[in-house]
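Report on the structure given below.
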Amino acid sequence: MSGTEKSKAHMEQARGKAKEAMGRMAGNERMTAEGRADQAKGNARHAKEDIKDSFRH
């Protein structure tokens, strides 16, 4: 997996978890949903890179 793409995926996941936690603490459902969406983007990016890696080897 490309190092930069892996880093981006992990950053999106971490940003999403933080945003979701802040949304829960503040009682802001929109922020919580945005955090979950960011995590989903990170998971999708990670899955895409895993698929690309499987075809390289």
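Take the Cβ atoms of Asn28 and Ser54, set R0 to 35 Å, and the FRET efficiency comes out at 0.35.
Near Ala9, once Lys and Arg are set to +1 and Asp and Glu to -1 for all other residues with Cβ below 15 Å from its Cβ, the sum equals +2.
Phi angles of region 42-53 translate, via the Karplus equation with coefficients 6.51, -1.76, 1.60 and θ = phi - 60°, into HN-Hα couplings of x, 5, 5, 4, 5, 5, 4, 5, 4, 5, 4, 5 Hz per residue; Gly and Pro are given as x. Which one, (1) 1.13; (2) 1.15; (3) 0.95, gives Rg/Rh (Cα atoms, Kirkwood Rh) as derived from the coordinates shown? The value matching this structure is (2).
The residues of the chain expose on average 72 square angstrom of accessible surface per residue, using a 1.4 Å probe on protein heavy atoms. Taking the Cα centre of the chain as origin and assigning +1 to Lys and Arg Cβ atoms and -1 to Asp and Glu Cβ atoms, the resulting dipole is close to 60 debye.
Over the chain, what is the relative contact order in percent, taking alpha-carbon pairs closer than 8 angstrom and at least six residues apart? Working shown, then result.
On the way: 62 pairs, mean separation 24.6, N = 57.
Averaging sequence separation for qualifying contacts and normalising by length gives 43 percent for the chain.
The values are calculated or read from the model by the stated rules, or taken from the named source; none is laboratory data. Note that the structure is predicted; figures quoted are calculated from it, not measured. Backbone-built Cβ (ideal geometry, glycine too); neighbour counts: all protein chains shown. In case anyone asks, the SASA skips ligands and DNA or RNA and just uses the protein heavy atoms, side chains included. Shrake-Rupley method; radii C 1.70, N 1.55, O 1.52, S 1.80 Å.
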